[in-house]
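Contents: one structure, followed by commentary.
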Amino acid sequence: MSASPRDTLPDQPPDEHNALNDEAQLIQAAVYQPEAFRRLYRHYYPRVFAYVAARVGRKQDAEDITATIFMRVVSALPGFNDRGPGSFAGWLFRIASNEVAQFYRNQHRSSNVPLDELPDLPSHALTPDDVISRKELFKQLHAQIQTLSPRRQEVVTLRFFAGLRNQEIAVVLGLDERTVASHLVRALNDLKHKFALNDDRTNDDSALTQEDIIHE
């Protein structure tokens with residue numbers, strides 16, 4: 001007799017930041033097993049929070065919206081239709097995108113956010129001055145992203161904060177991949193003229209060129 005999702009749970013990978021082991025099986029199990037859902041939550045929460053924080057700017061708002069997103073996921077997960085690799089991320093971030101849009105429909109928010117309300121950025125033994133510097137950098141970047149068109153804001157934050165691939169972004173926004181790539185290239189060109197990052201604040205290993213975007 002074959003085991004059902006209620007009875008099976010994939011072995012937990014040693015690193016939560018790596019791709020989940022047999023994600024499709026884990027998603028099935030998450031419908032019935034709280035521990036399976038917790039593992040999905042731990043894996044995706046940092047990316048969802050980073051995306052939401054980049055869109056709304058304020059830490060408390062980002063935390064509240066992210067919590068609402070995962071409540072929606074719990075309710076909707078039984079109806080999720082797995083269409084292969086990347087489909088869950090696309091589905092999850094479509095929910096996230098809808099919640100951010102609802103937030104802005106409910107209340108107007110200025111991009112002028114006090115430093116103490118900005119989200120905490122990932123850090124590794126940073127000094128207080130480093131933390132303040134990174135928050136100021138985030139504030140500037142957030143303000144510049146807000147000057148883009150709504151569609152390009154979505155594409156940029158999904159790509160660089162949520163870490164989605166073009167294919168996954170296309171699922172979230174209902175676009176084809178070439179259109180996603182075009183929006184990314186044009187958005188980066190816009191930001192290039194508005195905001196300059198110091199070389200020592202960027203990671204060359206994670207930098208994405210326009211050629212990478214077009215051919216991804």
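Would you confirm whether any residue within segment 42-58 is modelled with pLDDT of 85 or more, more than 18 Å from GLU168 (Cβ to Cβ) and of a type in the set (Lys, Arg)?
Going through segment 42-58, the residues modelled with pLDDT of 85 or more turn out to be 42-56.
Still in the list and also more than 18 Å from GLU168 (Cβ to Cβ): 42, 53, 56.
So of that shortlist, the ones also of a type in the set (Lys, Arg) come out as 42.
Checked against the condition, which is being modelled with pLDDT of 85 or more, more than 18 Å from GLU168 (Cβ to Cβ) and of a type in the set (Lys, Arg), segment 42-58 yields at least one hit.
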* Structure fact -> Considering residues that are surrounded by 13 or more Cβ atoms within 10 Å (Cβ to Cβ), in a helix (DSSP H, G or I) and out of contact with any Phe, Trp or Tyr (no Cβ under 8 Å at 6 or more places or on another chain), the number found within segment 72-96 is 6
* To do: Name the single residue, out of those in segment 29-45 being part of a helix (DSSP H, G or I) and touching a residue at least 40 places away in the same chain (Cβ under 8 Å), that is surrounded by the fewest Cβ atoms within 10 Å (Cβ to Cβ).
  => PHE37
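The values are calculated or read from the model by the stated rules, or taken from the named source; none is laboratory data. Remember, it's a predicted structure, so these values are computed and weren't measured experimentally. Every residue, glycine among them, receives a Cβ derived from its backbone with ideal geometry; neighbour counts consider all protein chains shown.
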